[in-house]
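Following: one structure in structure tokens, then a few remarks.
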Amino acid sequence: MKDPNSKKYPSQFLMDLLRLIGYCISVTFWFIRYTGRENIPPNDSDAYLIAANHQTYIDPVWICLPIRRRMRFMAFDKAFNWRFIGPLITYLGAFPVSLDVGGTLRAMKTAVRTLEEGAVLTVFPEGAREFADGEMFPFKTGAVRIAFEAGVPILPVTVSGANRIWPQGRKYPKLFRRVDIIYHPLLELPASSGDSHRDLESWTNDLRQIIASDQRLSPGD
């Protein structure tokens, strides 16, 4: 019997069309450049979690453009109340995460279920967009905890240069700035770890170091 809580995903044809449109826009206005695409698991691979730093609201789109998989991502809960944006991101696979305990637990359960169903999940461990200086915030342990619970690897991704496009504190994005998306090798988590806060902190620090290692920071202007 089908789980009534399972996500109904858009058709592959529609997603391919949206990816093409998104890529054309991103190349034209933000000169988008991808590095390390060979590190993206094949389309027929098992589920995995994408963890990335967070510089703009467009990050999920840029990260997912080269990936032809069923996908979901965590999003700021208040964004679901925005006209047009809320229904659109819900249709495309977003689900809300809030700071209250109940909301966090619900988001964690949805995240684990998404991965158990074989989809790809995108998480931003910083929990907020960075400022124009591009300095990363400390990572929360939620992404690693989800990966451990679901038994999946993590694909670390660096978003670089977008701090000059749409950082926290700026109302609208700037155009004609370059953004780089860098995919790192999969981070495989041992099945026997992740049972303690110390393990989660250690793996989260490793994840942050990987993502920060190729962050080509661009100063704000």
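Leaving out ligands and nucleic acids, note down the accessible area per residue over region 12-69 with a 1.4 angstrom probe, in whole Å².
Solvent-accessible surface per residue comes out at 49 Å².
In nanometres, what is the gap between the two model label sites at residue 45 and residue 81, each 7 Å from Cα along Cα-to-Cβ?
Reported label-point gap for residue 45 and residue 81 is 3.9 nm.
What are the membrane-span-like helices in the chain by this rule: whole DSSP H runs, Cα extent along the axis at least 18 Å, mean Kyte-Doolittle hydropathy at least -0.5?
Span-like helices here: 12-30, 101-116.
Let a ≥ b ≥ c be the square roots of the eigenvalues of the Cα gyration tensor of region 71-221; is it rounded (a/c under 1.5), or, if not, prolate (a/b larger than b/c) or oblate? Each step should come with its number before you reach the end.
Values: a/c = 1.86, a/b = 1.21, b/c = 1.53.
Since a/c reaches 1.5 but b/c is at least a/b, the shape of region 71-221 is classed as oblate.
At 1.4 Å probe size, with the rest of the protein present, what percent of the exposed accessible area of the chain is carbon and sulfur atoms?
Of the solvent-accessible surface of the chain, carbon and sulfur hold 59 percent.
Assign one of three labels to region 99-158, namely rounded, prolate or oblate, based on the Cα gyration tensor with a ≥ b ≥ c the square roots of its eigenvalues; rounded applies when a/c is under 1.5, prolate when it is not and a/b is larger than b/c, and oblate otherwise.
Details: a/c = 2.48, a/b = 1.49, b/c = 1.67.
Here region 99-158 falls in the oblate category.
So if we plug the beta-carbon distance of residue 98 and residue 7 into 1/(1 + (r/R0)^6) with R0 = 22 Å, what FRET efficiency do we get, rounded to 0.05?
Efficiency for this residue pair is about 0.70.
Please work out whether region 1-136 counts as rounded, prolate or oblate from its C-alpha gyration tensor, where a ≥ b ≥ c are the square roots of the eigenvalues and a/c under 1.5 means rounded, while otherwise a/b larger than b/c means prolate and anything else oblate? Before the final figure, lay out each step's value.
Working: a/c = 1.44, a/b = 1.12, b/c = 1.28.
Cα axes put region 1-136 in the rounded bin.
Using a Gaussian network model of the chain whose springs link C-alpha atoms within less than 10 Å, name the residue from 41, 190, 167 with the highest mean-square fluctuation.
Greatest mean-square fluctuation among the candidates belongs to 190.
Percent relative contact order of the chain, based on C-alpha pairs within less than 8 angstrom and at least six residues apart?
Numbers: 389 pairs, mean separation 60.7, N = 221.
This gives 27 percent for the chain.
So which lysines can residue 78 reach, going by Cα to Cα under 18 Å and dropping same-chain residues fewer than 8 places off?
171
At 1.4 Å probe radius, can you tell me the per residue accessible area of region 73-217 in Å²?
Values: 7320 Å² over 145 residues.
Spelled out: the 1.4 Å probe surface of region 73-217, per residue, equals 50 Å².
When the chain is modelled as a GNM with alpha-carbon springs shorter than 10 Å, which of 124, 73, 137 fluctuates the most?
137
The values are calculated or read from the model by the stated rules, or taken from the named source; none is laboratory data. Predicted model, so just to flag it, every value in this text is computed and none were measured. Cβ atoms come from the backbone with ideal geometry, glycine included; neighbour counts cover every protein chain shown. Areas reflect the complete protein model, heavy atoms only, side chains present, ligands, DNA and RNA absent. Shrake-Rupley method; radii C 1.70, N 1.55, O 1.52, S 1.80 Å.
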